[in-house]
Amino acid sequence: MTIRVLMADDHPIVLAGMKALVAADPQLEIVGEANDGRTALQLARELRPDAAVLDISMPGLNGVELAIALRRDVPATRILILTVHEDRAYLRQMLEAGVSAYLLKRSAADDLVRAIHAVAAGGVYLDPAVAGKVVGANTRHSTGGHLGDPAELSEREAEVVRLVAAGHSSKEIASILTISVKTVETYKARAMEKLGFKTRVDLVRYALNMGWLGNR
């Protein structure tokens, strides 16, 4: 099955290099490219790609704004952020915005294609250099307690948590689990309350620690 990819970066040389990496994989097809955020959003709406590889700093719409718009308008598209920024604040912003992968440009030659395949399969990919900023350095959640015990969650609550952490929308989760969107929200709220979590970053950290997103 071919994975359709949209690529966006405002540096032509960087974009050309990333395209070459993707084009070398016969399972990946580049369906569009953009040099700014607004063009990337327009193309994503028109092309409905399986994955969008985006620079975090582009004119028009920045990475966070673009990710939020994509999650709203084309929720089935998996979002990969390709950046030079290793700062935890950037990572947290992007995870909250619903991205499925955060990859450093210096790692792209080795990891970009792998990351695209991982997120297209429903997983999450965090560059090993920044994954430690989510896992390890922060083994306690925002309320100050320990990470929740998975035994506290029902099987269906755990399924919903895993899918939310992987970047799926409530509508997608409802379709995957053949339940209503309202029921998904109920399971999610119940799981968040049991685990003492407030944000999607907490869920991603938890799922990574549990080994549920082991697609690196």
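The values are calculated or read from the model by the stated rules, or taken from the named source; none is laboratory data. None of these values were measured; they are calculated from a predicted model. Every residue, glycine among them, receives a Cβ derived from its backbone with ideal geometry; neighbour counts consider all protein chains shown.
Some notes on this structure:
- Scanning the range 26-34 turns up one or more residues that are out of contact with any Leu (no Cβ under 6 Å at 6 or more places or on another chain), buried (at least 16 other Cβ atoms within 10 Å of the Cβ) and more than 18 Å from residue 118 (Cα to Cα).
- From 66, 41, 21, 70, residue being modelled with pLDDT of 90 or more and within 20 Å of residue 123 (Cα to Cα): 70
- Under the condition of being in a loop (DSSP other than H, G, I, E, B) and among the polar types (S, T, N, Q), the residues counted in the range 28-71 number 3.
- Filtering the range 187-201 to residues that are surrounded by 15 or more Cβ atoms within 10 Å (Cβ to Cβ) and closer than 15 Å to residue 153 by Cα leaves 187, 188, 190, 191, 192, 194, 195, 196, 197.
- The set of residues in the range 39-62 that are surrounded by fewer than 17 Cβ atoms within 10 Å (Cβ to Cβ) and of a type in the set (A, V, I, L, M, F, W, C) contains only 47.
- Residue 88 meets the stated requirement of being at pLDDT below 85, more than 24 Å from residue 32 (Cβ to Cβ) and either over 13 Å from the mean Cα position of the chain (by Cα) or surrounded by 24 or more Cβ atoms within 10 Å (Cβ to Cβ) (or both).
- Which numbered condition residue 113 fails, given (1) more than 26 Å from residue 165 (Cα to Cα); (2) in a helix (DSSP H, G or I); (3) of a type outside the set (Ser, Thr, Tyr); (4) in contact with an Asp or Glu (Cβ under 6 Å, 6 or more places away or on another chain): (1)
- Any hit, the range 143-156, residues being within 23 Å of residue 72 (Cα to Cα) and at pLDDT 80 or above: no
- Figure legend. Inter-residue proximity from the range 36-57: first residues over 19 Å from residue 17 (Cα atoms), second residues of a type in the set (Lys, Arg), beta-carbon distance below 6 Å, spacing 6+ or different chains. Indicated pairs: 49/4; 50/4.
- Taking the numbered list (1) assigned to a strand (DSSP E or B); (2) out of contact with any Ser or Thr (no Cβ under 9 Å at 6 or more places or on another chain) in turn, residue 6 passes all entries but (2).
- Pick from the range 72-86, criterion without any contact (Cβ under 8 Å) to a residue 60 or more places away in the chain and not in a loop (DSSP other than H, G, I, E, B), ranking: nearest to residue 129 (Cα to Cα): 83
- Members of the range 9-22 that are surrounded by 14 or more Cβ atoms within 10 Å (Cβ to Cβ) and either in a helix (DSSP H, G or I) or touching a Phe, Trp or Tyr at 6+ places or on another chain (Cβ under 7 Å) (or both): 14, 15, 17, 18, 19, 21, 22
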